[in-house]
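This report concerns only the one structure given below.
The values are calculated or read from the model by the stated rules, or taken from the named source; none is laboratory data. These figures come from a predicted structure and were not determined experimentally. Neighbour counts are summed over all protein chains in view; Cβ atoms, including those assigned to glycine, are modelled from backbone coordinates with ideal geometry.
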């Protein structure tokens, strides 16, 4: 069964929207399908595929959101599994600037700032599924 936030499932990768409450519409996660801690654990085929899939998914975030940049961040402490956060950076929104994205994340998690509207996230996920349908 496909989760409401899943966009694309391939042999090596899963692309999904950040779970709700999402800090921003268009904050996507690129996950390794195989359990691994990070790029240091890649099999050769994962290493070869990672750059192209990361570029393609980052371009998708930009297309969906109209953002200026896309940050790609992976820590691996909360869950020791590769989840690359693809965060849209909007020049007009100082809350999305560099490390302030972490403050934005915490503010939404604590209820200090409203999360992205569910309807907006649902529409973005629907559009992303349409755009990635040919990637399979």
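None of 24, 30, 64 is closer than 23 Å to residue 101 by Cα, assigned to a strand (DSSP E or B) and in contact (Cβ under 8 Å) with a residue 24 or more places away in the chain except 30.
The listed residues are 63, 6, 45, and the only one of them that is over 23 Å from residue 115 (Cα atoms) and modelled with pLDDT of 95 or more turns out to be 45. Residues considered: 102, 109, 116. Of these, the only one that is assigned to a loop (DSSP other than H, G, I, E, B) and surrounded by 12 or more Cβ atoms within 10 Å (Cβ to Cβ) is 116. Screening residue 73 against (1) over 21 Å from residue 118 (Cα atoms); (2) surrounded by 14 or more Cβ atoms within 10 Å (Cβ to Cβ); (3) touching a strand residue (DSSP E or B) at 6+ places or on another chain (Cβ under 9 Å) leaves a single unmet condition, (2).
Residues checked against (1) in contact with a strand residue (DSSP E or B) (Cβ under 6 Å, 6 or more places away or on another chain); (2) closer than 14 Å to residue 21 by Cβ; (3) free of Cβ contacts under 8 Å to residues at least 12 places away in the same chain:
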residue: 82; (1), (2), (3): yes, no, no
residue: 86; (1), (2), (3): yes, no, no
residue: 93; (1), (2), (3): no, no, yes
residue: 99; (1), (2), (3): no, no, yes
residue: 103; (1), (2), (3): no, no, yes
residue: 127; (1), (2), (3): no, no, no
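Of all the residues in the range 73-90, those that are closer than 19 Å to residue 34 by Cβ and in contact with a helix residue (DSSP H, G or I) (Cβ under 8 Å, 6 or more places away or on another chain) number 2.
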